[in-house]
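Single-structure report; data block below.
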Amino acid sequence: MSRRRFLEVDDLTPTELAAVLDAAAKGKADPSGIPHLLAGQGVAMLFEKPSARTRASTEMAVVTLGGHPLYVRPEEIGLGVRESVADVARTFAGFCSVIAARVFDHSRLEEMAAVVDVPVVNLLSDRAHPLQAVADFLTLQELLGTLDGRRLAYVGDGNNVTASLAYAAALCGVELTVASPPGYELDELTVERARNLGAVIDLVADPYDAVAGADAVYTDVWTSMGQEDERAARLAAFSGYTVDDALMEAAWEHAWFLHCLPAHRGEEVAASVIDGPRSAVWQQAANRMHAARAVVAHLVTAAGR
């Protein structure tokens, strides 16, 4: 069995990502045609941090592939404390056909992938949120028709979500502009890696520069889980970066609004935007399941070759 993994979006080639998006769209349109690739098999879901959309969407993705999702809480395994990461991975690889994990430290996913032959899927790490990006680009494809040559503006923290968006944009031919305050920009290594994949990516400070002509405007919370002690500093730094009606008006007149959720209305986004007619966040959230299913199906099929 060949070893496959999905720790970041660019673990897929442009052709593979296009195929995954196509499969996600087909599965969404006709659930009766979804193959039960995981019939009689389990998928281990190891969570170091809680989640709503990630857990629900991944569990349902596994169920609709005919498999059994095995949700494991952090206190049940003590990942890296009670048992080593490698030992936990080897244990679950003996029971399950896929290991999916939501972790604080990305290196834990790399350690898992290095010691098992079953596919390892990143449900979120400090460096990446690749299933979210697949759902995002599925949503953009549904809204815009074609992806190549489109423009996406991201306003906010240059975080794990932004990094995965950058790689997905590179693979799909989407131009990306990221607006962040000083000290919160997308890191240089990520930008270089995305550009090496062919990305057209610009970093700016002014949100209005970022959204000009954009087909979609994306944001995320300013203070993520685990950054609570930085909240006051972040609120001050991101003042002026709220995606409000004025900022949306500066984008293309039919631009859509995206957010990976959860959202803090009145901080990174105005309620009138996220709850308004140009918001696609609930379509985006629902697409998490279709994206997860398509990625898992692709990995299981490829690993079995």
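A short reminder: the numbers here are calculations on the coordinates, not readings from a lab. Because the structure is a prediction, the values reported are computed rather than measured. Because the Cβ atoms are built from the backbone with ideal geometry, glycine has one as well, and the counts that use them run over all protein chains shown.
Structure above, values below:
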{"read-out": "Region 17-87-region 93-160 distance, computed between alpha-carbon centres (Å)", "value": "12 Å"}
{"read-out": "Size descriptor, Kirkwood hydrodynamic radius, that averages inverse alpha-carbon separations across region 71-196, Å", "value": "16.2 Å"}
{"read-out": "Per-residue [θ]222 nm for the chain (sum of -39500 (n - 2.57) over DSSP H runs n ≥ 4, rounded to 500)", "value": "-13000 deg cm²/dmol"}
{"read-out": "Built amide H within the under 5 Å cut-off of VAL243, gap 5+", "value": "VAL269, ALA270"}
{"read-out": "Candidates THR139, THR177, THR15, ranked by Gaussian network fluctuation over the chain, Cα under 10 Å, top entry", "value": "THR15"}
{"read-out": "Taking the convex hull of Cα positions in the chain, its mean projected area over all directions (nm²)", "value": "14.8 nm²"}
{"read-out": "Sites ASP30 and VAL200, calculated FRET efficiency, Cβ-Cβ separation with R0 45 Å, nearest 0.05", "value": "0.85"}
{"read-out": "Contact order normalised by residue count of region 162-288, Cα under 8 Å, 6+ apart, percent", "value": "22 percent"}
{"read-out": "Separation in nanometres of the label points that stand 7 Å from Cα toward Cβ, at PHE104 and GLU249", "value": "4.4 nm"}
{"read-out": "Ratio Rg/Rh, restricted to region 178-305 and using Cα atoms, in which Rh is the Kirkwood radius", "value": "1.02"}
{"read-out": "Debye-sum result for region 1-128 in log10 I(q)/I(0), which assumes one identical scatterer on each alpha carbon, at q = 0.21, 0.22 Å⁻¹", "value": "-1.38, -1.48"}
{"read-out": "Under the span-like rule (Cα at least 20 Å along the axis, Kyte-Doolittle mean at least 0.5), DSSP H helices of the chain", "value": "130-144"}
{"read-out": "The chain - percent relative contact order, Cα under 8 Å, separation 6 or more", "value": "22 percent"}
{"read-out": "Region 7-90 - charge dipole about Cα centre, Lys and Arg +1 at Cβ, Asp and Glu -1, debye rounded to 20", "value": "300 debye"}
{"read-out": "Gaussian network model of the chain, springs between alpha carbon atoms under 10 Å - residue of GLN284, GLN132, GLN141 with greatest fluctuation", "value": "GLN141"}
{"read-out": "LEU189-GLU83 FRET efficiency (beta carbon distance; Förster radius 35 Å; 0.05 resolution)", "value": "0.65"}
{"read-out": "Qualifying GluC sites (Glu not before Pro) for region 217-270 [loop in DSSP, other Cβ within 10 Å: at most 12]", "value": "GLU253"}
{"read-out": "Region 249-292: relative contact order in percent, alpha carbon pairs under 8 Å with at least 6 residues between", "value": "44 percent"}
{"read-out": "Top of PHE47, PHE137, PHE238 by mean-square fluctuation, Gaussian network on the chain, Cα under 10 Å", "value": "PHE238"}
{"read-out": "Gain on full stretching of the segment that runs from ALA232 to ALA271 - 0.36 nm per residue minus C-alpha separation", "value": "11.9 nm"}
{"read-out": "Region 137-216: radius of gyration and largest Cα-Cα distance (Dmax), Å", "value": "11.6, 35"}
